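The values are calculated or read from the model by the stated rules, or taken from the named source; none is laboratory data. Because the structure is a prediction, the values reported are computed rather than measured. Note: ideal-geometry Cβ built from the backbone for every residue, glycine included; neighbour counts use all protein chains shown. Side chains included, ligands, DNA and RNA excluded: accessible areas come from the protein's heavy atoms. Shrake-Rupley method; radii C 1.70, N 1.55, O 1.52, S 1.80 Å.
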Amino acid sequence: FDLEFDTNVATQTDLGRVDEVFSPRGGVVFKPAENASLYFSYSKSFLPQSGDQFATLFPVTLAALDPETFENLEVGAKWNINARLELALAAYRLDRENTRAVDPMTLLTVLTGAQRSQGVEITLAGSITDKWEVIAGYAYQDAEISRTTAAAPAGRDLALVPKNSFSFWSAYQVLPRWRVGAGLIHQGDRFATLSNAVTLPDFTRLDAAIYYTLSDAIDLQVNVENLTNALYFPTAHNDNNITPGAPRNVRASLTARF
């Protein structure tokens, strides 16, 4: 990957970097039965320190940094319970190296060295009956610094990553033109930053929806998010800048097909 960046802000600076990284990927799928499959996949990729938009190598320190690398291993299974409903299970391990983050103490961008995320997830998606649709998922994820750096010691948890998360959504056709839906999102507690000094509490948000078919070409949909008007904190920018989730809100939309 060959990147050149020129800036004329303040003084003219011409920066460039060439990264050559072996990035293989591959996978194997085995079907022990017609309605089931087992798989294994491996991949390694890299990202220049210019970011995924390849926007800049400025300041000049970025041009001297090795690219961020990602190595992912995944095994899993999928089972078609019937023609409409699928159950999937996966276990994975993702290693990232040469990562960058803002040191919560100095507010300077520093290398965090290496991170490891590993976990399992299970999903159920499809139709239980002709009228009843469901999608549900649970994930357990352990994400931490795997090599001590100036930003954080090894073993410290990554920011904004809950160990446990769960989501569920279900919709039911109550009448030929009417469908109702409801679901919830749950996330366990997680740290606001790499300092691991501030914990965002776990939360559960309840949502609902109503669907009405006006004609063969037009549908009306009304969504209610955070039905119980719960106070929760889904994300943070630093230890002192915590973002609350949206209060109860209603959104209506019309969809037309041509």
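Of all the residues in the stretch 145-169, those that are at pLDDT 90 or above and either among the polar types (S, T, N, Q) or within 30 Å of Gly183 (Cβ to Cβ) (or both) number 14. Condition check for Glu144 on (1) over 18 Å from the mean Cα position of the chain (by Cα); (2) of a type in the set (D, E, K, R); (3) open to solvent by 40 Å² or more (accessible area, probe 1.4 Å): one failure, at (1). Across the stretch 1-46, which residue is most open to solvent (accessible area, probe 1.4 Å) among those that are part of a loop (DSSP other than H, G, I, E, B) and of a type in the set (Ser, Thr, Tyr)? Out of the qualifying residues, it is Thr11. Within the stretch 119-132, being in contact with a strand residue (DSSP E or B) (Cβ under 7 Å, 6 or more places away or on another chain) and either free of Cβ contacts under 8 Å to residues at least 40 places away in the same chain or under 21 Å from Val75 (Cβ atoms) (or both) holds for Gly119, Val120, Glu121, Ile122, Thr123, Leu124, Ala125. Scanning the stretch 222-235 for residues being hydrophobic (A, V, I, L, M, F, W, C) and out of contact with any Lys or Arg (no Cβ under 9 Å at 6 or more places or on another chain) gives a total of 2.
Of all the criteria given as (1) assigned to a loop (DSSP other than H, G, I, E, B); (2) exposed (fewer than 15 other Cβ atoms within 10 Å of the Cβ); (3) at pLDDT below 90, the one not satisfied by Gln49 is (2). Taken together, the criteria place Phe203 among residues that are closer than 24 Å to Glu121 by Cβ and touching a residue at least 40 places away in the same chain (Cβ under 8 Å).
Among the residues of the stretch 114-133, are any crowded, with 16+ Cβ neighbours inside 10 Å, of a type in the set (S, T, N, Q) and modelled with pLDDT of 95 or more? Yes - at least one qualifying residue is present in the stretch 114-133. The residue that is most open to solvent (accessible area, probe 1.4 Å), counting only those in the stretch 190-228 that are part of a strand (DSSP E or B) and under 15 Å from Ile242 (Cβ atoms), is Thr199. Evaluation of Arg179 against the conditions (1) over 22 Å from Arg96 (Cβ atoms); (2) crowded, with 19+ Cβ neighbours inside 10 Å; (3) under 21 Å from the mean Cα position of the chain (by Cα) shows that the sole unmet condition is (3).
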